[in-house]
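Okay, structure first, notes after.
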Amino acid sequence: MREIFVNQDHARVGFYQSVLEEAGIRTFIRNEFATNITEMPSALFFPTLCVLDDDDFEEAMQLLGPIYGEATAQAVDWTCPKCNEVVPGNFEVCWQCSTLRPGLSHNLDGPEDD
């Protein structure tokens with residue numbers, strides 16, 4: 001099982017799941033029913049879309065890339081500016097400390113408007 005997309009928006013994660021399921025890619029949403037138990041949003045509790053078969057990962061990323069608005073299959077791993085953890089390129093927040101990826105808006109709705 002590999003993670004594809006993490007976001008606090010349950011509807012967006014569900015939409016991406018439906019795109020992959022329609023293409024015949026089996027998926028699972030971790031934290032589907034979780035809610036934040038603190039005042040500060042934490043990626044630890046965000047819904048996380050995963051493909052069940054690791055061999056489907058590349059195809060899933062290619063399918064979601066145009067929908068997501070960037071070539072996420074080509075996304076480069078990044079280093080968290082707060083804890084220096086190396087984070088997979090398709091993550092919007094650090095899995096270790098929940099710091100937002102540099103260059104993203106604070107609401108996790110997508111790229112910042114210039």
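The values are calculated or read from the model by the stated rules, or taken from the named source; none is laboratory data. Computed from a predicted structure; not experimentally measured. Here the Cβ is made from the backbone with ideal geometry for all residues, glycine too, and neighbour counts use every protein chain on show.
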### Message
Given the condition exposed (fewer than 12 other Cβ atoms within 10 Å of the Cβ) and either modelled with pLDDT under 90 or part of a helix (DSSP H, G or I) (or both), answer yes or no: does some residue in region 23-32 qualify?
### Response
no
### Message
Exactly one condition in (1) outside any helix (DSSP H, G or I); (2) at pLDDT 80 or above; (3) surrounded by 12 or more Cβ atoms within 10 Å (Cβ to Cβ) is false for LEU63; which is it?
### Response
(1)
### Query
Picking from GLU85, GLU39, which residue would you name as being out of contact with any helix residue (DSSP H, G or I) (no Cβ under 8 Å at 6 or more places or on another chain) and modelled with pLDDT of 80 or more?
GLU85
### Meets criteria (within 16 Å of VAL6 (Cβ to Cβ), in contact with an Asp or Glu (Cβ under 8 Å, 6 or more places away or on another chain), surrounded by 12 or more Cβ atoms within 10 Å (Cβ to Cβ) and at pLDDT 70 or above) for PHE91
yes
### Query
What number goes with the only condition from (1) at pLDDT 75 or above; (2) of a type in the set (Ser, Thr, Tyr); (3) surrounded by 14 or more Cβ atoms within 10 Å (Cβ to Cβ) that THR72 does not pass?
(1)
